[in-house]
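Peer 1: Provided herewith is a single structure, encoded as structure tokens, for subsequent inquiry.
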Amino acid sequence: MRSTTFAAMKTKTLKKNKVNVVTLGCSKNIFDSEVLMGQLKANKFEVEHESTESDAGIVIINTCGFIDNAKQESIDTILQFVDAKEQGLVEKVMVTGCLSERYKDELQLEIPEVDAWFGTRDLPRLLKTLKADYKHELVGERILTTPHHYAYLKISEGCDRPCSFCAIPLMRGKHISTPIEDLVTQARNLAKAGTRELMIIAQDSTYYGLDLYGKRNLGELLQRLSDVDGIDWIRLHYAFPSGFPMDVLKVMRENPKVCNYLDMPLQHITDNMLKSMKRGTTKQKTIDLVNSIRDEVPGITLRTTLIAGYPGETEQDHEEMLEWIENTRFDRLGIFTYSHEENTGAYKLQDDVPAEDKQRRASAVMELQQGISFDINQTKVGQEFKVLFDRKEGDYFIGRTEGDSPEVDNEVLVSAKSDYVRIGDFAQVKIDKAEEFDLYGTVVK
Ligand code: SF4
């Protein structure tokens with residue numbers, strides 16, 4: 001929920017049995033909010049997601065505690081609802097998720113107006129506080145907040161990796177894989193409800209199964225999910241480079257339902273940065289892995305995420321990263337500026353890169369990527385792509401190819417003046433024009 005305006009929330013008769021859930025942060029938080037809403041509904045609560053016109057007596061804020069900006073947004077949202085409570089626009093304010101997990105003790109003292117605080121694995125206790133029961137039989141049944149034709153599928157919780165900059169293990173705990181049977185049941189339920197695309201998410205999806213089956217089992221999971229009728233696309237996110245399960249690539253190449261798409265945050269490329277970040281890999285191994293992935297799955301769309309300004313990063317490190325990006329030509333790339341997070345391994349290092357240098361380096365990377373993305377997109381003009389349509393906006397129907405994940409990647413725009421497509425449907429589209437991050441096309445009759 002972005003910049004909630006309460007002007008619309010005039011004094012109303014508040015419904016004691018109605019909950020407005022507000023989600024901040026990543027797709028894993030979206031998944032958790034959807035599960036929470038499913039449980040509340042099963043307990044006869046009325047639920048809504050991020051309503052600004054709410055007459056809900058209770059608001060539950062699912063917070064993010066990842067890095068500075070995200071933490072600030074969570075605190076601002078909590079304070080907004082505390083304000084609303086003082087104005088009688090809501091009766092109970094409850095906070096859950098990563099920020100609460102990480103800073104509950106301090107926050108309880110700083111914002112006493114909040115009625116209750118919960119951690120990231122506290123759903124049963126949260127429900128109990130609302131005199132509701134945790135219903136085990138629901139097996140991930142949830143209320144989707146995404147357009148129903150696509151849904152996030154969280155395959156595990158937590159992370160066992162030691163990445164020095166990352167606070168996620170502090171908030172999400174150790175890695176726990178969800179059994180394949182439960183995930184297949186979830187996929188079946190979603191398909192029955194009209195979901196056609198599954199977004200596989202985790203903190204580290206490539207670690208899947210090691211705890212539960214004693215082996216990396218992501219390949220088998222993808223196969224099993226692809227057997228579910230009604231699911232057309234399965235998209236893999238949050239892969240980790242070291243120990244990458246190469247069998248997954250064979251599944252991707254041979255199984256038409258598994259998108260030729262891979263999101264693999266690499267964070268950096270120079271050996272000294274990768275070592276200090278405890279990424280368990282090297283520059284050469286990273287380059288070799290990217291080359292193997294492209295050899296194994298020709299035409300695969302590769303997305304990565306990087307960090308600018310990690311402690312000790314020199315201008316030379318930055319230049320080396322730029323050169324590597326130039327040579328690798330990722331299809332999709334995002335970058336964060338380093339955030340000095342207490343209780344992480346890197347916190348004992350000096351945060352020695354000035355904020356303006358962090359920002360300058362991140363901007364230089366995105367400027368380079370913009371050019372690369374523009375060039376890559378030009379090669380798509382004249383080609384046809386299978387497109388899944390997500391929404392209509394103004395004069396355009398907007399969708400995505402197999403190479404695009406929602407919210408973060410490119411989009412395909414088809415004029416509503418010349419074509420008609422149903423939202424949630426696939427259509428074959430011929431690309432007529434390409435920009436940095438958007439493609440324009442017409443539906444092939
Ligand atoms: S893999 Fe590394 S960066 Fe990702 S959640 Fe785990 S510790 Fe954090």
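The values are calculated or read from the model by the stated rules, or taken from the named source; none is laboratory data. Bear in mind that the values here come from a model prediction, so they are computed numbers and not experimental data. Positions of Cβ are generated from backbone atoms using ideal geometry, with glycine treated the same way; all protein chains shown enter the neighbour counts. Heads up: the accessible areas ignore ligands, DNA and RNA and are worked out on the full protein's heavy atoms, side chains in. Shrake-Rupley method; radii C 1.70, N 1.55, O 1.52, S 1.80 Å.
Peer 1: Of (1) in a loop (DSSP other than H, G, I, E, B); (2) free of Cβ contacts under 8 Å to residues at least 12 places away in the same chain; (3) acidic (D, E), E356 satisfies all except one. Which?
Peer 2: Every condition holds for E356 apart from (1).
Peer 1: Across the stretch 221-236, what is the number of residues that are out of contact with any Asp or Glu (no Cβ under 8 Å at 6 or more places or on another chain), farther than 14 Å from H149 by Cα and not small (G, A, S)? Talk me through it step by step, then tell me what you get.
Peer 2: As a first pass, look at the stretch 221-236 and keep what is out of contact with any Asp or Glu (no Cβ under 8 Å at 6 or more places or on another chain): 221-230.
Applying the additional criterion that residues be farther than 14 Å from H149 by Cα yields 221-228.
Narrowing the set further to residues that are not small (G, A, S) leaves 221-225, 227-228.
Number of matching residues: 7.
Peer 1: Now for a separate question. Looking at this structure, is K417 in a loop (DSSP other than H, G, I, E, B) and basic (K, R)?
Peer 2: Values: in a loop (DSSP other than H, G, I, E, B): yes; basic (K, R): yes.
Taking the combined requirement at face value, the residue satisfies it.
Peer 1: Pick out the one residue from S74, S33 that is open to solvent by less than 10 Å² (accessible area, probe 1.4 Å), in contact with a Lys or Arg (Cβ under 9 Å, 6 or more places away or on another chain), assigned to a helix (DSSP H, G or I) and among the polar types (S, T, N, Q).
Peer 2: Working: S74 fails: in contact with a Lys or Arg (Cβ under 9 Å, 6 or more places away or on another chain).
Only one candidate qualifies: S33.
Peer 1: In the stretch 160-172, how many are closer than 17 Å to G97 by Cβ and over 15 Å from the mean Cα position of the chain (by Cα)?
Peer 2: In the first step, residues of the stretch 160-172 are kept if they are closer than 17 Å to G97 by Cβ; the result is 166-172.
Subset that is over 15 Å from the mean Cα position of the chain (by Cα): 166-167, 169-171.
Qualifying residue count for the region: 5.
Peer 1: If you don't mind, another one. Do you know which residues across the stretch 264-285 are away from the ligand (no atom under 15 Å from the Cβ) and in contact with an Asp or Glu (Cβ under 6 Å, 6 or more places away or on another chain)? Walk me through how you get there before you give the answer.
Peer 2: At the first step, the residues of the stretch 264-285 found to be away from the ligand (no atom under 15 Å from the Cβ) are 269-272, 282-285.
Of everything in the stretch 264-285, those that are away from the ligand (no atom under 15 Å from the Cβ) and in contact with an Asp or Glu (Cβ under 6 Å, 6 or more places away or on another chain) turn out to be T270, T282, K283.
Peer 1: Output the number of residues of the stretch 246-282 satisfying the condition of being open to solvent by 10 Å² or more (accessible area, probe 1.4 Å) and farther than 30 Å from D351 by Cβ.
Peer 2: Residues in the stretch 246-282 being open to solvent by 10 Å² or more (accessible area, probe 1.4 Å) and farther than 30 Å from D351 by Cβ: 10 in total.
Peer 1: Let me ask something else. Any idea which of (1) more than 11 Å from the ligand (Cβ to nearest atom); (2) more than 20 Å from I30 (Cα to Cα) is the one R161 doesn't satisfy?
Peer 2: The number of the failed condition is (1).
Peer 1: How do the helices (runs of 4 or more DSSP H) wholly within the stretch 217-311 filter down when requiring 1 or more residues that are closer than 30 Å to T185 by Cβ and under 19 Å from the mean Cα position of the chain (by Cα): which remain?
Peer 2: On the way: elements: 218-226, 247-254, 271-276, 283-296.
Because the criterion is at least 1 residues that are closer than 30 Å to T185 by Cβ and under 19 Å from the mean Cα position of the chain (by Cα), the helices (runs of 4 or more DSSP H) in the stretch 217-311 that meet it are 218-226.
Peer 1: Residue by residue through the stretch 202-216, note down the ones that are of a type outside the set (D, E, K, R) and under 18 Å from the mean Cα position of the chain (by Cα).
Peer 2: Keep residues of the stretch 202-216 that are of a type outside the set (D, E, K, R), which gives 202-203, 205-210, 212-214.
Listed by number, the residues that qualify are A202, Q203, S205, T206, Y207, Y208.
Peer 1: Take the stretch 331-353 and flag every residue that is over 26 Å from D375 (Cα atoms) and not in a helix (DSSP H, G or I).
Peer 2: Going residue by residue through the stretch 331-353, those that are over 26 Å from D375 (Cα atoms) are 338-353.
Passing the criteria: Y338, S339, H340, E341, E342, N343, T344, L349, Q350, D351, D352, V353.
Residue by residue, here is whether (1) within 11 Å of the ligand (Cβ to nearest atom); (2) within 27 Å of D409 (Cα to Cα) holds:
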{"position": "R172", "(1), (2)": "yes, yes"}
{"position": "I176", "(1), (2)": "no, no"}
{"position": "E181", "(1), (2)": "no, no"}
{"position": "R188", "(1), (2)": "no, yes"}
{"position": "L198", "(1), (2)": "no, yes"}
{"position": "I201", "(1), (2)": "no, yes"}
{"position": "D204", "(1), (2)": "yes, yes"}
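Peer 1: Residue check: is P124 in contact with a Gly (Cβ under 8 Å, 6 or more places away or on another chain), away from the ligand (no atom under 16 Å from the Cβ) and within 30 Å of E181 (Cβ to Cβ)?
Peer 2: Numbers: in contact with a Gly (Cβ under 8 Å, 6 or more places away or on another chain): no; away from the ligand (no atom under 16 Å from the Cβ): yes; within 30 Å of E181 (Cβ to Cβ): yes.
Spelling it out, it is not the case that P124 is in contact with a Gly (Cβ under 8 Å, 6 or more places away or on another chain), away from the ligand (no atom under 16 Å from the Cβ) and within 30 Å of E181 (Cβ to Cβ).
Peer 1: For the stretch 230-244: of the residues being more than 19 Å from I143 (Cα to Cα) and either touching a residue at least 40 places away in the same chain (Cβ under 8 Å) or polar (S, T, N, Q) (or both), which is nearest to the ligand (Cβ to nearest atom)?
Peer 2: Going through the stretch 230-244, the residues more than 19 Å from I143 (Cα to Cα) turn out to be 232-244.
Then keep just the ones that are either touching a residue at least 40 places away in the same chain (Cβ under 8 Å) or polar (S, T, N, Q) (or both); that gives 232-233, 235, 237, 240-242, 244.
Working: D232: 28, W233: 24, R235: 18, H237: 11, F240: 5, P241: 10, S242: 10, F244: 12 Å.
Across the stretch 230-244, the extreme among qualifying residues is F240.
Peer 1: Also, quick follow-up: Take the residues of the stretch 296-308 that are touching a Leu at 6+ places or on another chain (Cβ under 9 Å) and either within 16 Å of the ligand (Cβ to nearest atom) or not β-branched (V, I, T) (or both): which is farthest from E319 (Cα to Cα)? Reasoning before the result, please.
Peer 2: So in the stretch 296-308, the residues touching a Leu at 6+ places or on another chain (Cβ under 9 Å) come out as 296-297, 300-306.
Now restrict to residues that are either within 16 Å of the ligand (Cβ to nearest atom) or not β-branched (V, I, T) (or both): 296, 302-306.
Working: E296: 29, L302: 22, R303: 20, T304: 18, T305: 17, L306: 14 Å.
The extreme case among them is E296.
Peer 1: Looking only at residues that are charged (D, E, K, R) and closer than 26 Å to D432 by Cβ in the stretch 321-366, which one is most open to solvent (accessible area, probe 1.4 Å)?
Peer 2: Per the criteria, the residue is R329.
Peer 1: Looking at (1) under 25 Å from the mean Cα position of the chain (by Cα); (2) closer than 30 Å to C163 by Cβ; (3) modelled with pLDDT of 95 or more, which is the one condition that is false for D68?
Peer 2: Result: D68 passes all but (3).
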